[in-house]
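Note sheet for the following structure.
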Amino acid sequence: MSLASRKHLKGHDSSVPRSAFSGDPLVQQLGQLAGLLNEETTRLREGRVEDILIYANRKALLLLQLSNQALNPSQRHSLDVRLAMYRVLKELERNHETLKLKLRVLKEISSLLTERMRESESDGTYSMQSRG
């Protein structure tokens, strides 16, 4: 990728996979993974979690494909591959933080519901005496 192309990409919309600018299959697979992570993170932030298992399966498939490419840490990769790996790393970090936040919120809601249920049980709402 030329320097001019990189400068053009710098301001480019991150929703367009950078893999479209490289013929390297590894860069394309990394671009697909980064795009999938970005899409999942966006949906999570919007509260649209109904497809979470679909995303998990798609990520697993892409990671399997990447492992078949034999990503060897000691192997020297092109600049395009390293940039794609960096993009995946940043998307993984963003996705991880979003998932952590969602889990924290779910735990808080669960704790509040559990507390309310205990309180309602302790005030006799569901006891045999209240049927009287």
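The values are calculated or read from the model by the stated rules, or taken from the named source; none is laboratory data. Quick caveat, the model's predicted, so the values are computed rather than measured. Because the Cβ atoms are built from the backbone with ideal geometry, glycine has one as well, and the counts that use them run over all protein chains shown.
Which condition from (1) within 19 Å of residue 29 (Cα to Cα); (2) of a type in the set (S, T, N, Q); (3) at pLDDT 90 or above is the one that residue 42 breaks? Going through the list (1) within 19 Å of residue 29 (Cα to Cα); (2) of a type in the set (S, T, N, Q); (3) at pLDDT 90 or above, residue 42 breaks only (1).
Of all residues in region 22-63 being acidic (Asp, Glu) and in a helix (DSSP H, G or I), which is surrounded by the fewest Cβ atoms within 10 Å (Cβ to Cβ)? Steps first, answer last, please.
So the first thing to find is which residues in region 22-63 are acidic (Asp, Glu), and the list is 24, 39-40, 46, 50-51.
Of the ones still in play, those that are also in a helix (DSSP H, G or I) are 39-40.
On the way: 39: 16, 40: 24.
Looking at residues that are acidic (Asp, Glu) and in a helix (DSSP H, G or I), I get 39.
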